[in-house]
Structure formats: C-alpha cells, structure tokens
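Right, one structure below, let's go through it.
The values are calculated or read from the model by the stated rules, or taken from the named source; none is laboratory data. Keep in mind it's a predicted model, so treat the numbers as computed, not measured. Note that we place each Cβ from the backbone using ideal geometry, even for glycine, and neighbour counts take in every protein chain shown.
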Amino acid sequence: MNEIEEQKFYSLKIKEMNQNKTLKYFILTMGCQLNENDSEKLCGILEQMGYQKTDIQSQADLVVLNTCCVRENAEDKLFGKLGELKRQKEERGIMIAIGGCMMQEKHITAKIKESYPFVDILFGTHTLYKFPENLYRALKEKKKLEDIIDIEGKIYEGLPIKRNSNIKASVTIMNGCNNFCSYCIVPYVRGRERSRKPKDIIEEVKELAKQGYQEITLLGQNVNSYLRVEQEKAIEFEPYQGVHSFATLLKAINKIEGIKRIRFLSPHPKDFTNDVIEAIATCEKVCKLVHLPLQSGNSKVLKEMNRKYTKKQYLELVEKMRQTIPNLTLSTDIIVGFPGETEEEFEDTLDVVRKVKFEQVYMFLYSRRVGTPADKMENQILEEQKHIRFNKLKDLVESQIEENNQKYVGTMQKVLVEGESKNNKDLLTGRTDSNKVVIFEGNQDLIGQVIELKIVSEHMWYLKGEK
Ligand code: 5AD
Ligand code: SF4
C-alpha cells in the first residue's frame with residue numbers, strides 16, 4: 001500500500017465512524033494561489049471522509065485554517081480567528097485544525113500551544129497528505145496532535161481534489177524556493193525547490209481538459225525555474241513528450257486539446273531565459289500577461305534583497321520581452337520600505353513604474369519576518385514613512401491604471417466568461433487575456449466560453465463590454 005492509499009484507508013475509517021451523522025467542514029484559506037490549491041486538496045480529502053462543505057463557520061463541526069506567513073497581517077488574522085473559535089469549541093465541541101506555512105514557524109506553534117491549547121491538530125506544509133491519519137487519531141485518541149516536519153517533503157501524487165471552479169484550474173508544478181530573497185520567509189517554510197514529473201503534470205492537464213476546464217494556471221513559488229535544480233544537479237527525471245524545462249512544459253501544455261488559456265505564477269525575472277520568452281511568444285494559448293515581480297526599482301536595494309538583477313537589467317528584460325512577445329502586458333509585485341531604503345532609492349521604484357506602465361501592481365509594505373536576513377538589518381524604516389511611500393506609489397499606479405483602461409475602450413477583446421457578476425446577477429463576468437475583469441449582458445450559456453466583446457466603457461477595477 002503506498003502512502004496515499006494508506007491515507008485513503010484512514011479517510012474511509014472516518015467515514016465509517018461518522019456514518020449516521022451529517023458533518024460539515026469550514027475552511028479558511030489565507031495567502032497565495034498555492035495555498036488555495038492546497039486547500040482544494042484538503043477539501044477533496046475531507047469530502048472523501050464524508051464531510052460536507054459549509055461557508056458558514058458557525059455551522060461547521062470541523063474548522064480548518066490554511067495559513068500564510070508571507071506578511072504579518074496574516075498572523076493577526078489567525079489569532080483573531082482563534083479567539084472566535086475558542087467560544088465555538090466551548091459551546092459546540094468543534095474540531096479545529098490549523099495547517100499551512102505559518103505552522104512551519106516554531107515561534108507561532110509555540111504561541112498556539114501556550115495561548116490557544118484547545119486547537120486539535122497542527123499540521124505543516126509537508127504533511128498535508130497525512131490529514132486523514134491525523135484527524136483519525138485526534139478523533140479516536142481525543143488528544144491534541146502536532147505533525148510538522150522541517151525537512152522538505154516528497155511530492156505526493158494522486159491526492160483527492162475538489163476544485164473551486166469548473167472553468168479555471170490551478171496545477172502546482174513545483175514546490176519550494178531556492179532564491180532566499182532576504183525579506184522572504186517562503187524558502188524556510190516551503191523548503192527547497194522540487195519539481196513534479198512532466199508526465200504527472202501533462203496527464204493532470206489532459207484530464208482537466210477532458211472535464212471541460214478552459215484555463216490552466218501553472219503554480220510554483222518560482223514557477224519558471226521548473227526542473228532547473230534537477231538539470232543543474234543532474235538529478236534524473238523522466239522526460240515526457242519532450243518536456244525537460246519550463247519552456248518545453250509550456251509548449252507541451254499548449255498542444256493539449258480543449259485548453260484555451262495557460263497562465264503561470266509566480267515567476268522570477270532571472271529565470272526568463274530566451275527559451276521561456278520564445279515559448280510565451282509562440283504558444284498561442286499562453287496569455288500575454290506576464291507577472292514580473294520587481295520588488296524594488298533601485299539596484300542597491302535589489303542587491304540587499306538578493307534579487308540577482310539591477311534596475312538596468314530589469315528594464316532591459318522588459319524591453320526584450322516587449323520586442324519578442326506581441327501584445328505583452330505586465331504585472332508586478334513591489335515592496336515599499338525595505339530596510340535602509342532612502343527616499344531617493346524609492347524614487348527609482350517610481351521611475352520603473354512610470355517607464356514600464358504595468359497592467360497591475362501588487363503593492364506591499366515591507367513586513368519583518370523572523371528568521372530572514374532583512375529582519376536582522378538595523379536600519380528598519382518607520383511604519384509612518386512606509387505608509388507615506390506606499391500612498392505615493394498607489395497614487396501613481398492608480399493614475400496609470402486609469403490611463404491604461406482608456407486604451408481598452410473601443411477595442412475588441414477575447415473574454416473567458418466565468419459566471420454571473422457578484423454584484424449584479426443579471427450581468428455576466430469574464431476576463432481578458434490581460435486578466436482585466438469585463439462585465440456584460442449575456443446569456444448564461446456563454447459561461448465557460450471564450451467570446452469576443454467590444455469594450456464600451458472603463459471603470460477603475462473593471463471594463464464594460466458588449467456583444
Ligand atoms: N514583506 C512584504 N512583502 C513581502 N513579500 C514577500 N515577503 C514580504 C515581506 N517580508 C511580497 C513580495 C512577493 C509577494 C508574494 O509578497 O512582493 O513577490
Ligand atoms: Fe520569496 Fe524570493 Fe522565493 Fe519569491 S523568489 S518565494 S520572493 S524567496
């Protein structure tokens with residue numbers, strides 16, 4: 001029996017135990033799309049055990065929190081939630097399980113055990129697959145349980161999964177990160193880079209195509225270094241349909257019939273090698289919106305962040321990609337207030353933003369993370385200063401988005417129709433290749449199709465379209 005079959009055995013034991021009960025679970029996911037994808041697997045596992053999903057926390061018998069630790073605000077959110085759950089535990093005896101990245105941090109698990117001892121299960125990023133066994137033991141032995149390992153876990157194939165959408169699907173292709181950007185906690189909580197086998201990925205995408213999925217997002221903490229470590233260290237892997245790198249993976253997925261769009265998150269600028277740029281340009285299904293995390297526009301700050309590129313190299317890369325990839329649009333991540341960042345250095349970030357004119361900018365206040373080199377730097381920036389810079393950047397970004405949105409008005413755009421608009425059930429919502437939301441009037445049977453719409457007006461966060 002392999003590990004996954006063994007876990008299925010525990011799932012079925014729990015199902016048997018709960019036979020005459022209708023038990024519900026509530027799951028809260030914090031953080032990135034990789035965590036969302038892990039939660040889809042947890043949902044698959046829980047439904048295999050017979051639990052039913054509820055979106056109302058107060059109706060759940062089992063509450064699962066899938067945590068993130070990239071920035072501090074996620075911690076505040078977790079501890080706030082635990083206060084709420086304490087009451088529900090006392091009133092209704094619910095089970096509480098906490099997993100995800102934050103559980104890989106010893107100071108956090110220590111705090112939970114001390115201040116929130118009522119939590120039943122703590123599990124880490126490498127032990128998600130063992131959730132059935134852990135829940136079984138917690139239920140049976142009525143003991144608090146901790147299952148967290150430091151070492152990088154194996155990649156487990158064949159976990160059940162319950163996806164959030166039947167149009168768009170995420171496929172994790174690699175785990176971990178070897179880059180050690182000095183501000184970032186990810187390499188410490190997700191471990192070293194390891195890639196899934198080409199065959200497992202291709203087969204998963206083929207299956208998704210068969211089920212009618214239209215859009216695939218390939219995920220990894222450093223997605224465009226897929227199979228890089230294996231290549232560099234000459235670790236043997238089985239090539240499949242010519243896949244031996246990120247570029248060849250894009251090409252292989254591009255050939256899968258039924259899939260209409262391919263996206264990928266989150267890449268590193270240093271890994272946009274010529275073959276990757278060429279693959280994006282030539283694969284018609286690969287969306288031409290590329291995420292290119294800048295973090296800072298100043299070369300000195302970038303060096304201290306350990307980003308491995310300068311302002312000039314970043315701008316040259318943008319230029320090269322613009323020349324090679326027709327209709328390229330770019331999005332980015334920026335951190336404001338990294339230790340030691342001067343006003344002048346911050347101006348370089350604004351300068352790059354002005355020059356590149358991103359489609360979308362995800363802005364973050366620098367957040368100190370225990371255990372990272374940047375946390376030990378002495379020249380931390382005052383919160384107030386960070387906020388002033390953040391607002392400056394936000395004003396610039398918003399004025400650029402407004403300007404950019406106007407360019408869409410009057411154009412025809414291919415839109416993947418995703419469903420009813422959240423705010424108005426009479427309207428449909430979809431996204432352009434560049435990931436802009438488009439709202440329009442249309443028939444329900446358009447859901448799941450890629451259609452051409454004329455953009456008739458623009459609003460800050462969405463466009464209006466017409467058939
Ligand atoms: N503080 C602020 N933002 C951070 N990010 C990662 N670590 C930190 C931190 N300590 C941001 C980066 C990254 C995104 C996912 O989160 O911009 O690209
Ligand atoms: Fe963090 Fe840098 Fe790795 Fe991204 S590339 S996960 S920012 S260490």
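Inspect segment 353-366 for any residue being at negative phi, part of a strand (DSSP E or B), away from ligand 2 (no atom under 16 Å from the Cβ) and of a type in the set (S, T, N, Q) and give the result as yes or no. Let's see the steps before the verdict.
At the first step, the residues of segment 353-366 found to be at negative phi are 353-356, 358-366.
Next, from what is left, pick out any that are part of a strand (DSSP E or B): 360-365.
Of the ones still in play, those that are also away from ligand 2 (no atom under 16 Å from the Cβ) are 360.
Adding the requirement that they be of a type in the set (S, T, N, Q) leaves 360.
Yes, segment 353-366 contains at least one residue that is at negative phi, part of a strand (DSSP E or B), away from ligand 2 (no atom under 16 Å from the Cβ) and of a type in the set (S, T, N, Q).
State whether one or more residues within segment 404-420 are of a type outside the set (Val, Ile, Thr), in a loop (DSSP other than H, G, I, E, B) and at pLDDT 95 or above. Before the answer, list the steps.
Of segment 404-420, the ones of a type outside the set (Val, Ile, Thr) are 404-408, 410, 412-414, 416, 418-420.
Adding the requirement that they be in a loop (DSSP other than H, G, I, E, B) leaves 410.
Still in the running and at pLDDT 95 or above: 410.
Scanning segment 404-420, I find at least one residue that is of a type outside the set (Val, Ile, Thr), in a loop (DSSP other than H, G, I, E, B) and at pLDDT 95 or above, so the answer is yes.
For segment 138-196, enumerate the residues that are among the basic types (Lys, Arg) and within 16 Å of ligand 1 (Cβ to nearest atom). Walk me through it before giving the result.
Step one: list which residues in segment 138-196 are among the basic types (Lys, Arg), which gives 140, 142-144, 154, 162-163, 168, 190, 192, 194, 196.
Matches in segment 138-196: Arg190 only.
Could you tell me which residue of segment 278-296 is nearest to ligand 1 (Cβ to nearest atom), considering only residues that are touching a strand residue (DSSP E or B) at 6+ places or on another chain (Cβ under 8 Å) and of a type in the set (Gly, Ala, Ser)? Spell out how you get there, then give the answer.
Taking segment 278-296 and keeping what is touching a strand residue (DSSP E or B) at 6+ places or on another chain (Cβ under 8 Å), we get 279-280, 283, 285-296.
Pick out the ones that are also of a type in the set (Gly, Ala, Ser) and you get 279, 296.
Details: Ala279: 22, Ser296: 10 Å.
Per the stated criteria, the residue is Ser296.
Only one of Ile201, Ile173 is within 16 Å of ligand 2 (Cβ to nearest atom), β-branched (Val, Ile, Thr), surrounded by 19 or more Cβ atoms within 10 Å (Cβ to Cβ) and over 24 Å from Asn134 (Cβ atoms). Can you tell me which?
On the way: Ile201 fails: within 16 Å of ligand 2 (Cβ to nearest atom).
Just a single option satisfies the conditions, and that option is Ile173.
Out of segment 1-60, which residues are among the β-branched types (Val, Ile, Thr), over 27 Å from the mean Cα position of the chain (by Cα) and surrounded by 16 or more Cβ atoms within 10 Å (Cβ to Cβ)? Don't jump to the end; show me each part of the working.
Here is the first cut: in segment 1-60, the ones among the β-branched types (Val, Ile, Thr) are 4, 14, 22, 27, 29, 45, 54, 56.
In the following step, the residues that additionally are over 27 Å from the mean Cα position of the chain (by Cα) were identified as 14, 22.
Of everything in segment 1-60, just one residue is among the β-branched types (Val, Ile, Thr), over 27 Å from the mean Cα position of the chain (by Cα) and surrounded by 16 or more Cβ atoms within 10 Å (Cβ to Cβ), namely Ile14.
Would you please list the contacts, defined by Cβ atoms under 6 Å and residues six or more apart or on different chains, that run from a residue in segment 221-233 that is in contact (Cβ under 8 Å) with a residue 24 or more places away in the chain to a residue that is of a type in the set (Phe, Trp, Tyr) and more than 14 Å from ligand 1 (Cβ to nearest atom)?
Val223/Phe264; Asn224/Phe246; Tyr226/Phe246; Glu230/Phe237
From the list Glu133, Glu141, Glu105, exactly one residue is within 16 Å of ligand 2 (Cβ to nearest atom) and either among the acidic types (Asp, Glu) or free of Cβ contacts under 8 Å to residues at least 24 places away in the same chain (or both). Which is it? Please lay out each step first, then the result.
On the way: Glu133 fails: within 16 Å of ligand 2 (Cβ to nearest atom); Glu141 fails: within 16 Å of ligand 2 (Cβ to nearest atom).
Step by step, each of Glu133, Glu141, Glu105 is checked, and only Glu105 is within 16 Å of ligand 2 (Cβ to nearest atom) and either among the acidic types (Asp, Glu) or free of Cβ contacts under 8 Å to residues at least 24 places away in the same chain (or both).
Return the total of residues in segment 288-309 being more than 12 Å from Thr332 (Cβ to Cβ) and either at pLDDT below 95 or more than 16 Å from ligand 2 (Cβ to nearest atom) (or both).
Of segment 288-309, the ones more than 12 Å from Thr332 (Cβ to Cβ) are 288, 298-309.
Adding the requirement that they be either at pLDDT below 95 or more than 16 Å from ligand 2 (Cβ to nearest atom) (or both) leaves 288, 298-300.
Looking only at that region, the number is 4.
Only one of these conditions is not met by Phe26: (1) among the aromatic types (Phe, Trp, Tyr); (2) more than 23 Å from Tyr136 (Cα to Cα); (3) not in a helix (DSSP H, G or I). Which number is it?
(2)
For segment 388-397, enumerate the residues that are closer than 25 Å to Glu458 by Cα, of a type in the set (D, E, K, R) and surrounded by 12 or more Cβ atoms within 10 Å (Cβ to Cβ).
Lys392, Lys394
Just to verify a result, which residue in segment 367-397, among those that are of a type in the set (Lys, Arg) and within 24 Å of the chain's Cα centre (by Cα), is nearest to ligand 2 (Cβ to nearest atom)? Reasoning before the result, please.
First pass over segment 367-397, keeping only residues of a type in the set (Lys, Arg): 368-369, 376, 386, 389, 392, 394.
Those left that are additionally within 24 Å of the chain's Cα centre (by Cα): 368-369, 394.
Numbers: Arg368: 15, Arg369: 10, Lys394: 21 Å.
Across segment 367-397, the extreme among qualifying residues is Arg369.
Name the residue, out of Gln400, Gln385, Gln406, Gln313, that is within 16 Å of ligand 1 (Cβ to nearest atom) and surrounded by fewer than 19 Cβ atoms within 10 Å (Cβ to Cβ). Break it down stepwise before answering.
On the way: Gln400 fails: within 16 Å of ligand 1 (Cβ to nearest atom); Gln406 fails: within 16 Å of ligand 1 (Cβ to nearest atom); Gln313 fails: within 16 Å of ligand 1 (Cβ to nearest atom).
Result: Gln385 is the single residue among Gln400, Gln385, Gln406, Gln313 that is within 16 Å of ligand 1 (Cβ to nearest atom) and surrounded by fewer than 19 Cβ atoms within 10 Å (Cβ to Cβ).
Please list, ordered by first then second residue, the pairs with beta carbon atoms under 8 Å, 6 or more apart or interchain, first in segment 334-350 and under 20 Å from Asp375 (Cα atoms), second aliphatic (A, V, I, L, M) and part of a loop (DSSP other than H, G, I, E, B).
Close Cβ pairs satisfying both conditions: Ile334/Leu294; Gly337/Ile381; Phe338/Ile381; Pro339/Met377; Pro339/Ile381; Gly340/Met377; Gly340/Ile381; Glu341/Ile381.
Could you check segment 409-438 and list, in sequence order, the residues that are over 24 Å from the mean Cα position of the chain (by Cα) and surrounded by 19 or more Cβ atoms within 10 Å (Cβ to Cβ)?
Quick first cut of segment 409-438, residues over 24 Å from the mean Cα position of the chain (by Cα) only: 409-414, 423-428.
If the condition is that a residue be over 24 Å from the mean Cα position of the chain (by Cα) and surrounded by 19 or more Cβ atoms within 10 Å (Cβ to Cβ), then Gln413, Leu428 are the ones that fit.
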